[in-house]
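Here the structure comes first, spelled out in structure tokens, and everything after it is commentary.
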Amino acid sequence: MAMERKLSEMDYDEEGTVTEIEEYLRRRVAGMGIRVGKKLRVVTKQPIKGPVDVIVDGAETSLGLDMAEKITVEVA
Amino acid sequence: MKILLMGHPNVGKSVFFNRLTGANVTESNYPGTTVDYTKGWMKIDGKDVELVDVPGTFSLDPKDKAEEVAVAMLHENRGALVISVIDASKIERGLYLALEIIEEGYPLVIALNMRDVAEDKNILIDADKLERILDIPVVSTVAISGEGIKELVSRVKEAKPVDVDDIISNATKAADVGAAGDVP
Amino acid sequence: MKLSAEERWDLIDRISKETVTFGAYRHTLTDAIGELTIKPLTGIPIAIAVLYGFWSLFGSFAGTLCTDGFFVKFFDGYWLPWLQQVFPGQGNWFYVIMVDAGGIESGEFVLSESSFESFGVLTSGLFLAIGVVLPAIFIFYLMLAILEDIGYMPRLAVLIDTMLHRIGLHGYAIVPTILSLGCNVPGVAATRILETKKQRFIMMTLLAIFIPCGAQIGIMEEVVPDLIGWIMLYLIIGYFIFGYILNKIVPGRAPEFLIDVPPYRRPLARNIGKKIYGRVTGFFKVALPFVLLGCVIVGILYQMGVIQWLGGVLAPIFVGWFGVPPETAGPLVAAFLRKDLAVAQLSTIEMTEYQMITSVVLVSIYFPCVATFAMMLKEGWKDLLWALAVLAVVVFVYGGLIHLIGILLGVA
Ligand SMILES: Nc1nc2c(ncn2[C@@H]2O[C@H](COP(=O)(O)OP(=O)(O)O)[C@@H](O)[C@H]2O)c(=O)[nH]1
Ligand SMILES: [Mg+2]
């Protein structure tokens, strides 16, 4: 069953499809290949509010937790 | 004539630069190695041409000082030709910057670098078709082994400004042909 | 015509659909190693092991193998005694500056026994440059090039992001920091990868104050090998304390971390060789003239009595506030010109271990070397002036604090 979750709340190894990115962030993360409609997989999260590491189209990107909070993902 | 090597950070621009000019700029496997531009000279058809290794940037909308240097470099050289270096394994985001530069009216050639990496990741790119859609030279390369560099240099003279409207209609046409092809 | 960002992505999606096929994602061994080194449970211990390995290789190659094993023997056994014999005019000012300042014992001029004590341009100057600094920065740049070309730096950045976040920076600040451990000049240049003025200012200031360069570390490793761990610890603690304070008082934004993590690659020997050659020769072009010229100027100032005089004036502060012996005043003043020479000088003075730690830390945080100073000026004179103001305060406050800690621990 599909459900929506913030990227910041996803678990290790979880996969999903990006459904929403807050406006102000859209252009910056798009440069890294993270866009609405893209599939992503969470590789890892660093402890104590550290960054979230994701793979999109085979490319790995690490983004701060505050940014990850502004990205919504439909988890498969 | 002046040629700018532009692209995202860590796509192989400095490797190209060193190979083409015989210079010795630092190459490393992480974004942000090149924070200032370097100029050098190369020969194309016997003529001396200036080549610039521009710091990597994700878009023409700079987010740090190294990217500001890159964008300023482009805008200060209105008459320049651009070799857009794209990491083939991250082609979509690379095309974003290439399109931005095309839209500003610069003549462009695309080096689809890291063909080997893309292959390892099972990403297959139809470079000929891409070339037909974009209407500019697209050359697959592996900068570290030198593969495709000669072809790239020989095709630099084919670079020309393109209107995005043409690209859009080419893409539509290609899609139609593709769709028609699916029907037996 | 220009497209909006949405239209552009839309066009890219259409082009990509026609020209790109993403096959099944193959999970390779490289990917597996990539994940192991970035997941905190395995990645943090690996990072510690890598940094520790870096550090111990640095010490054993540069200090033990090259400097002690070869250069000390050569310079002290052959070069210094030979020069002392053949160089004309023993005891006159030119001889003193070029070869050996020696010492006066019961009214007699006596020759120095080692290249650490002679302070001549051709002896201490060359020995420090070639015998100590060269092996240190060679091994540093060799290991750095390997880490860089493999692609480890971005992973280190991800792992350390949380800590650097507390001081207004983010993980990527590890890149200028590590580059500065080789030489502050490229380190300062690399601050350009940080997004805001605030971040660049904090970074540049911290680098100039708290990060000793490869040359300095090499010399510390040589003359105070037992204390260098404590010295580095005080510098790292200072980096974080004052980073935290700067983050609170410097206005501006501290945006978050967003970086690409490239796949691991096999480093190419040719590229590594080229990089080491470029960086080592670059370092020597910048640093060697300064080392030698610095020796000359320090020598002349000693001859003229300027350093002794300044030292005398400042000694009460050094003794009272920092808790170091009055003899350190001379080297501490000379440190404005040559930190490496000053560290070597300090090592020859009688004092307690804690005083030695304090005085070497002071030399390190004192004043950026001339080349770094010039690089910072290039990045903007206003920031440079502010950085120097911060530096003055930090030297005074942190120097006093270290003294206080010593008093509380009962060692100072
Ligand atoms: N496998 C592979 N690696 C490449 C290729 N081109 C460049 N590299 C490596 O990619 C990294 C980045 O190259 P660099 O020229 O510094 O990138 P720049 O930031 O665009 O200047 C280096 O480690 C290069 O050795 C290629 O075609 N294939
Ligand atoms: Mg580069």
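The values are calculated or read from the model by the stated rules, or taken from the named source; none is laboratory data. Just so it is clear, the structure is predicted and the values come from calculations on it, not from any experiment. Backbone-built Cβ (ideal geometry, glycine too); neighbour counts: all protein chains shown. Surface accessibility is based on the protein's heavy atoms, side chains included, excluding ligands, DNA and RNA. Shrake-Rupley method; radii C 1.70, N 1.55, O 1.52, S 1.80 Å.
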Review point. Got a sec to turn the phi values of region C:195-207 into Karplus ³J(HN,Hα) couplings, 6.51 cos²θ - 1.76 cosθ + 1.60 with θ = phi - 60°, whole Hz, x for Gly and Pro?
Key: 6, 10, 4, 4, 5, 5, 5, 4, 4, 4, 5, 5, 4
Point to revise | Separation of alpha-carbon centers, region C:43-95 and region C:151-224, rounded to whole Å | key: 26
Check your understanding: Taking only Cα atoms, what is the 0 to 90° angle, nearest 10, from helix C:381-409's long axis to the longest principal axis of chain C?
Key -> 70
Exercise for review: Please report, in whole Å, how far the alpha carbons of the protein assembly as shown spread along each principal axis, starting with the longest.
Suggested key: 108, 61, 44
Practice item. Normalising by the residue count of chain A, find the relative contact order in percent from Cα pairs under 8 Å and 6+ residues apart. Key: 46
Check your understanding: Helix B:164-182 versus the longest principal axis of chain B: what angle, 0 to 90°, nearest 10, using Cα atoms?
Key -> 40
Point to revise | Cα-based equivalent ellipsoid of region A:3-75: semi-axis lengths in Å, sorted from largest, via gyration tensor | key: 15, 13, 12
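Compare the peptides A:39-48, C:240-249, C:142-151 by average per-residue count of other Cβ atoms within 10 angstrom and give them in order, highest first.
Highest mean packing first, the order is C:142-151, A:39-48, C:240-249.
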Review point. So which of B:LYS63/B:LYS90; B:LYS157/C:LYS274; A:LYS6/B:LYS90; B:LYS13/B:LYS121; B:LYS13/B:LYS150 end up more than 27 Å apart, counting from Cα to Cα?
Key: B:LYS157/C:LYS274
Point to revise | Dmax and Rg, reported as Rg then Dmax, of region C:342-412 (C-alpha, Å) | key: 14.8, 45
Practice item. Kindly sort C:PHE22, C:PHE116 by accessible area of their heavy atoms, largest first, with the probe set to 1.4 Å. Key: C:PHE22, C:PHE116
Check your understanding: For chain C, what is the calculated [θ] at 222 nm in deg cm²/dmol (nearest 500), taking -39500 (n - 2.57) for each run of four or more DSSP H residues and dividing by its residue count?
Key -> -20500 deg cm²/dmol
Exercise for review: Quote the accessible area belonging to C:CYS369 in square angstrom, nearest 10, computed with a 1.4 Å probe and with ligands, DNA and RNA left uncounted.
Suggested key: 60
Exercise for review: Take the alpha carbon atoms of region A:10-76, find their center, do the same for region C:298-372, and report the distance between the two centers in whole angstrom.
Suggested key: 52
Review point. Rounded to the nearest 20 Debye, what is the dipole magnitude of the protein assembly as shown about its Cα centre when Lys and Arg each give +1 and Asp and Glu each give -1 at the C-beta?
Key: 740
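What does the average come to when, for each residue of peptide A:26-34, you count the partner chain Cβ atoms lying within 10 Å of its Cβ? Please list the in-between numbers first.
Numbers: counts 3, 8, 7, 1, 10, 11, 7, 7, 2.
What the average comes to for A:26-34 is 6.
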Check your understanding: How are the C-alpha pair distances of chain C spread across 10 Å bins, as whole percents from the shortest bin up?
Key -> 4, 19, 28, 24, 13, 6, 3, 1, 0, 0
Exercise for review: Could you work out the relative contact order of region B:2-180, using alpha carbon pairs under 8 angstrom and six or more residues apart, expressed as a whole percent?
Suggested key: 20
Review point. Aspartates and glutamates near B:LYS173 by alpha-carbon distance under 18 Å, same-chain residues fewer than 8 away left out - which ones?
Key: B:ASP126, B:ASP128, B:GLU131, B:ASP135, B:ASP163, B:ASP165, B:ASP182, C:GLU7, C:ASP10, C:ASP13, C:GLU18
Practice item. Convert each backbone phi in region C:319-336 into a coupling constant with the Karplus relation 6.51 cos²θ - 1.76 cosθ + 1.60 (shift: θ = phi - 60°), then list the ³J(HN,Hα) values in order as whole Hz, x for Gly and Pro. Key: 6, x, 8, 9, x, 9, x, x, 5, 6, 4, x, x, 5, 6, 4, 4, 4
Study note, to complete from the structure: Karplus-derived 3J(HN,Hα) from phi for region B:59-75 (6.51 cos²θ - 1.76 cosθ + 1.60, θ = phi - 60°), whole Hz, x at Gly and Pro, runs 7, 8, 10, x, 10, 8, 5, 5, 5, 4, 4, 5, 5, 4, 4, 5, 6
Check your understanding: Under a point spin-label approximation (7 Å from Cα along Cα-to-Cβ), what is the C:LEU293-C:ARG253 distance to one decimal in nm?
Key -> 4.1
Exercise for review: Would you mind checking the tilt of helix B:91-103 against the longest principal axis of the Cα atoms of chain B, expressed as 0 to 90 degrees and rounded to 10?
Suggested key: 80
**Study point:** Heavy-atom surface of chain C, accessible at 1.4 Å and reported per residue (Å²)
**Key:** 43
Revision key, fill the gap. Once amide hydrogens are built 1.01 Å from N within the peptide plane, the residues lying 5 or more places from A:ILE71 or on another chain with amide H under 5 Å from its amide H are A:LEU7, A:SER8
Revision key, fill the gap. Here the relative contact order (percent) of chain C, from C-alpha pairs under 8 Å and at least 6 apart, is 16
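Given a 1.4 Å probe and heavy atoms of the protein chains only, how would you sort C:LEU126, B:LEU108, largest accessible area at the top?
C:LEU126, B:LEU108
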Exercise for review: Using Cα positions and a limit of under 16 Å, work out the aspartates and glutamates in reach of C:LYS197, with same-chain residues fewer than 8 apart set aside.
Suggested key: B:ASP64, B:GLU67, B:GLU68, C:GLU256, C:GLU379, C:ASP383
Practice item. Report in % the part of the accessible area of chain B that belongs to carbon and sulfur, leaving out ligands and nucleic acids; probe 1.4 Å. Key: 51
Revision key, fill the gap. Amide H proximity to C:VAL261 below 5 Å, modelled H, separation 5+ or other chain, gives A:GLU60, A:THR61, A:SER62
Check your understanding: List the GluC sites (Glu not before Pro) in region C:338-412 that DSSP assigns to loop (not H, G, I, E or B) and whose Cβ has at most 14 other Cβ atoms within 10 Å. Which are they?
Key -> C:GLU350
**Study point:** Mean projection area, nm², convex hull over Cα of region B:2-180
**Key:** 10.0
**Study point:** Long-range amide H partners of B:GLU147 with built H, under 5 Å
**Key:** B:VAL142
